[in-house]
Each structure stands twice: as C-alpha cells, then as structure tokens.
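Participant: Dumping the structure here so I can ask a few things about it.
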Amino acid sequence: MYTGPTIFSQLMQHLPWHHFDRCVSRYGGDHKVKEFKCSSHFRVMSFAQLTCRESLRDIEACLRAMRPKLYHMGIRSTVSRNNLSNANEQRDWRMYAEFAQHLISKARELYAGEELSVELEASVYALDSTTIDLCLSMFPWARFRRHKGAIKMHTLMNLRGNIPEFIHISDGKLHDVNILDYLIPTPGAYYLMDRAYLDFNRLFEINVCRAFFVTRAKSNFKFQRRYSHPVDRNTGLICDQTVLLTNFYPAKAYPEPLRRIKFRDPDDPSSLLVFLSNDFTLPAMTIAKLYKARWMIELFFKWIKQHLRIKAFLGTTPNAVKTQIWIAISTYLLVAILKKRLRIEMELYTILQILSVSLFEKTPILQAFQAWDYKTKTPESHNQLLLFG
C-alpha cells in the first residue's frame, strides 16, 4: 500500500527534470530505447553514489531487494547488470555533463551570498586538478606513465559555497597549465593557482581580460625590483615589491609590472612563500590570505574521493568513466542545493551519511535531518492501577 514518497523520491524532486529531458533529447539519449530510459539510468547511478554501491552486482542486488518501491522512486524498469553496463558505455556522457553545468548555475545562485574567509566583494575562484589512478590493463586508453594509467579532473571552484563551476576530464598526460586555454576569465574576479599554472603568456591573457590572479613564483624566478612598499613584519610579511621580468621570453610574454610578496607563516617558520599577482590595490596580507583560501579546493578533492564513488568505476570505456564522474558531480550539487533550499544546518558529509541509510524511508525529507531526542517519562505514581474496581 502506497503511504507517501520515499526520501529518495523527494530528493529527486529538487532536480529540474524538464531541463534534463532537453539534454537527453539534444544528444538522442533515449533514441530506440524501450526500457531503462536515461532518467532511470541517472536515478540508479545517483542512488549508487548516495548509498556507496561498489559494483554493478551490488547495485542490482540492492535494488531488486526493494523492487516494490522502485516504481515510486522513479525507476520504472528492471535494473540489471547488463542494461546498466550498456547504458554506461553507450549513452552519451555529454548530456550528463550539460545537465551538471545547469545544476552548477542553480547552485551558484543559491550560494552567491555566502561569505568568504577574506573580506572581498569580488568573485574568487581556485583552479587545480586531481589525479585518479586507473589500472592500465583495464583502462588502456588512460595512459599516464609507462606502467600506470590515470585521468585528471581539472576543476575551477567558486569559493563562495565551494561550488565547482568548470570541470574538464582529461587523460593523465595533459599538463595543468593547458587548462587555462579553456577558461574565459571574468573581469574583476580573482583566480588562485599554484606553481603548475605559472605560464606568463596565459597569465597575461588573464590580465588583459581585467581579471586578477594570485600564484606562486618558482625558485628560478628572475626579476628586477622597481619599488618596495612598507610591510608589517610582525604579520609574517617580509617584502611587498613591484617587479619586472628580466629573462627574454618571460619579459616578452608579460611586459607589464608584477607584484611580488614574500611571506613566512608565523605558525610555521620553515615555510617561505613567494606570491605573484597583478593586483596592486589589495593589502599584501589580503593577498596572502587569498592564496591560503585556495586550500579549499584541495579539501574538495579529498572530500569527493572519500565520499563519492569515483575511484571504483562501473565501466572501463572513456564514456562509462565520464558518465560516472559527471553523475557523481551532479549528486554532489544536488545535495548542496538541498542543503540551501531546506536551510539544513549540517555539513554536506553529515547530510550524505544520513541519506545513505534513509533513502527508502517514507517520511518528510526535512524530518530526517532534525535531531529527535526521545525520553521515556516515568509517571510520578508507581502504584499499579486496579484493572477491575
């Protein structure tokens, strides 16, 4: 007997399915598909993410045990290892990538008012990549080293709410700096990058677009000092300089002045950091704090590797791997959107843990995230009442 929607169904209601249908139609995802439509495929893969399923057999066994509830979860066809494997390998991954980009725009709107660790009104982005190791014998297309396979997930993350705004999946050989060619800098925004992105041709393009960057200098950085600005050495700042590049090719690639800031963390005297930026207006300490905020993208990579299923893949083809990664990102964004819409005062990790054990429950979804403390009250009188007078 139907007694109400499951928590999984209520979670899926927060997705814009009309836009999903447009993405599927654009790439012909349901062309000649009689059963197991793309909507069911997405729901099953999202279910696998939320409940930490590790294999096709694991997904099949779990869903078949709950077969009477599948229809009301939006899964209108039988789930088997064969149709799920075929869907991962044959359904165009680009429709899931495009749908994830739409969710990114939704999440960006919800988190636009989030505060930064630095008092700054401009948008701040952190750019980095993470490597996902693969078995070369099973993924021969993902060659990284001679005896090692891997793919890279290049991510541009908005630090207001830690929402990924740009993701590019490549083989392990693509150098990080090449990703700058894919970006269109937003005027007035700040881009935080490590030394892997130090290419003066590409950095000058960011400067021409009236955007700002903060990165670190390499040990062989050659420059000529033009001005030195006063700093408070008690804060860890050592110098704040305006410099020009002196080597021929770097100076030709970036002909304008740069700002060089040397900083030593008072809590870690062994650390000595040299920052480069094209912003000459912010205080030097704010530049140092901005680069420190870049660490949030490292925590994001650690979080998704620990709590989303992107290390054990359910297919070996490039299409299957990209499909799983994009649906994993969509699931992350869905939970982030749910947290904001329902005003849940919990970390995303805690929300995922609760969802993983309550997806089949038929209770209001908000009730699952409320702390209920049940206490048995003992009556004041312990005398047994008479049953018959």
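The values are calculated or read from the model by the stated rules, or taken from the named source; none is laboratory data. Values in this document were obtained by computation on a predicted structure and should not be read as measured data. Please note: Cβ atoms are built from the backbone with ideal geometry, for glycine as well, and neighbour counts cover all protein chains shown.
Participant: Are any residues in the stretch 328-362 more than 12 Å from Phe47 (Cα to Cα), of a type in the set (Val, Ile, Thr) and not in a loop (DSSP other than H, G, I, E, B), and if so, which ones?
Facilitator: Across the stretch 328-362, the qualifying residues are Ile329, Val335, Ile337, Thr350, Ile351, Ile354.
Participant: Now, a different point. Restricted to the stretch 1-32, and to residues that are in a loop (DSSP other than H, G, I, E, B) and buried (at least 19 other Cβ atoms within 10 Å of the Cβ), which residue is modelled with the highest pLDDT?
Facilitator: Once the filter is applied, the top-ranked residue is Leu15.
Participant: Answer with yes or no whether Gln49 is among the polar types (S, T, N, Q), out of contact with any Gly (no Cβ under 7 Å at 6 or more places or on another chain), assigned by TED's automatic domain parsing to the domain that holds Ile329 and without any contact (Cβ under 8 Å) to a residue 24 or more places away in the chain.
Facilitator: So Gln49 does not fit the description; no.
Participant: Answer with yes or no whether Ile261 is at negative phi, surrounded by 12 or more Cβ atoms within 10 Å (Cβ to Cβ) and more than 28 Å from the chain's Cα centre (by Cα).
Facilitator: yes
Participant: Right, next: Contact list please: Cβ distance under 9 Å, first residue in the stretch 247-272 and over 20 Å from Thr286 (Cβ atoms) and in the same structural domain as Val231 (by TED's automatic domain parsing), second residue assigned to a helix (DSSP H, G or I) and of a type in the set (Lys, Arg), pairs at least six apart or on different chains.
Facilitator: Ala253/Arg202
Participant: Name the single residue, out of those in the stretch 33-46 being part of a loop (DSSP other than H, G, I, E, B) and of a type outside the set (Phe, Trp, Tyr), that is nearest to Ile329 (Cα to Cα).
Facilitator: Ranking the qualifying residues of the stretch 33-46, first place goes to Lys37.
Participant: What is the residue count in the stretch 149-175 for residues that are of a type in the set (D, E, K, R) and farther than 13 Å from Ala126 by Cβ?
Facilitator: 3
Participant: Among the residues of the stretch 200-254 satisfying the criterion of being over 31 Å from the mean Cα position of the chain (by Cα) and of a type in the set (Asp, Glu), which is surrounded by the fewest Cβ atoms within 10 Å (Cβ to Cβ)?
Facilitator: The extreme case among them is Asp232.
Participant: Can you work out which of the residues in the stretch 40-56 that are surrounded by 19 or more Cβ atoms within 10 Å (Cβ to Cβ) and small (Gly, Ala, Ser) is farthest from Ile325 (Cα to Cα)?
Facilitator: Ser40
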